[in-house]
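A.B. asks: My questions all concern the structure below.
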Amino acid sequence: MVETQPRLAVSIGLLVALATLWGAAYTFIKIGVETIPPITLIATRTLIAGSLILLILRLRGLRLPTDRRNLGRFFVQACLNSVVPFVLVAWGTQYVDAGLATILNSLTPVFAFLINWGITRHEAVTGAKALGVAAGLLGICLVVGPAALGGQRGQLAAQLAIVFAAVAYGAAVTFGRTFRDLDPMMPAAGSLLFGAAILVPVSLVVDRPWTIDPSLASVLALLALSVFSTALAFVLYFTLLKRLGSVGTTAQAYLRVPIGVGIGMLFLGETPQSTAWMGLALVVVSVVAMTLPKRRQRTA
């Protein structure tokens with residue numbers, strides 16, 4: 001579908017907004033975990049965002065299905081797309097810069113491809129895909145390498161946790177294909193609400209949130225993360241799917257990497273090392289190669 005110039009300009013603006021909201025999520029998490037434990041932070045994030053998306057579904061006249069099959073699917077997707085990766089990123093961001101977290105967590109397309117190719121056998125290896133995998137894995141090595149070689153065990157564990165979160169997101173992409181029979185916002189709401197149902201009790205037992213004394217900055221960051229970088233971002237994402245299609249919407253995947261690093265530099269005063277800049281460049285190349293339309297891959 002070819003869009004008119006004004007409509008295309010609006011779509012590009014929405015695309016940049018989405019990349020900015022998702023890129024800013026790592027800075028919000030970094031500020032949030034300064035005084036709010038990771039599990040409580042993510043439990044609150046999933047509860048607020050899931051409730052807002054559920055409200056939007058209700059306003060659209062839609063209800064979440066409550067049969068056993070769909071509830072089971074929501075539970076699995078919650079584990080893969082909310083509980084495991086959200087908590088791992090929040091925990092890891094306590095020890096690494098938000099910019100590094102952005103880079104390491106942006107390789108979901110690489111891991112989704114590897115899962116689809118090696119396990120479900122739904123992907124074929126092309127030159128562009130092979131380039132993307134190689135660039136992405138080399139980018140990880142450049143970012144994680146200094147911590148590994150320097151014996152910084154805490155930072156290394158945090159970086160690997162964030163990489164593993166990207167693996168979980170990749171599995172969520174693969175499992176998400178089972179939701180083709182539902183409105184796209186339903187698995188988003190279902191997975192977030194099930195994530196909250198899992199994490200809120202854990203938070204009550206582990207963190208005892210009534211004993212926490214969060215700073216105003218952390219509370220505001222949590223609210224921004226929940227409302228803007230999760231609920232609003234999902235609404236923008238599904239709006240863009242309708243306007244640009246899945247291929248056009250994938251542009252946010254490589255826009256959010258430099259945007260996320262830039263936000264960390266601007267608001268947190270982070271200064272990435274030279275290896276991180278090289279890793280960032282390779283990750284952007286990787287994500288572009290993994291998300292190119294098939295026709296363009298063949299032409300390339």
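No lab work stands behind these numbers, since they all come straight from the coordinates. The shown structure was predicted, so the numbers you read here are calculated from the model rather than taken from an experiment. Note: ideal-geometry Cβ built from the backbone for every residue, glycine included; neighbour counts use all protein chains shown.
A.B. asks: Computed from the mean reciprocal separation of all distinct C-alpha pairs, what Kirkwood hydrodynamic radius does the range 189-238 have, in Å?
C.D. replies: It is 12.5 Å.
A.B. asks: Separate question: Fewest to most neighbouring Cβ within 10 Å: what's the order for Phe267, Phe75? Walk me through the numbers before you get to the answer.
C.D. replies: On the way: Phe267 14, Phe75 17.
With the sparsest Cβ surroundings first, the list reads Phe267, Phe75.
A.B. asks: Same structure again: What ranking do Thr46, Thr211 get, fewest neighbouring Cβ atoms within 10 angstrom at the top?
C.D. replies: Ascending number of Cβ neighbours within 10 Å: Thr211, Thr46.
A.B. asks: Could you line up Met265, Met290 from fewest to most neighbouring Cβ atoms inside 10 Å?
C.D. replies: Placing the least packed residue first, the sequence is Met265, Met290.
A.B. asks: Of the labelled options (1) 34, 54, 12, 0; (2) 30, 58, 12, 0; (3) 33, 61, 6, which one gives P(r) over Cα pairs in 20 Å bins from 0, in percent as computed for this structure?
C.D. replies: (3)
A.B. asks: Where in the chain are the DSSP H helices whose C-alpha atoms run 30 Å or more along the long axis and whose mean Kyte hydropathy is at least 1.0?
C.D. replies: Within the chain the helices that satisfy the rule are 5-32, 38-59, 127-149, 153-175, 185-206.
A.B. asks: So what is the diffusion coefficient of the range 1-133 in µm² per second by Stokes-Einstein at 10 °C and 1.306 mPa s, using a Kirkwood Rh over Cα pairs?
C.D. replies: 88 µm²/s
A.B. asks: Here's a follow-up. So which trypsin sites (Lys or Arg not before Pro) in the range 167-252 end up in coil per DSSP with only 10 or fewer other C-beta atoms within 10 Å?
C.D. replies: Arg180
A.B. asks: What is the Cα centroid distance between the range 21-37 and the range 120-184, reported in whole angstrom?
C.D. replies: What the calculation gives is 21 Å, centre to centre.
A.B. asks: Another one. Which one, Ala217, Ala98, Ala172, has the greatest fluctuation when you compute a Gaussian network model over the chain with C-alpha springs under 10 angstrom?
C.D. replies: Ala217
A.B. asks: Then there's this: With an 8 Å Cα cut-off and a minimum separation of 6 or more residues, compute the relative contact order for the range 5-299 in percent. Kindly include the intermediate steps, with their values, before the conclusion.
C.D. replies: Values: 411 pairs, mean separation 124.3, N = 295.
RCO, the range 5-299: 42 percent.
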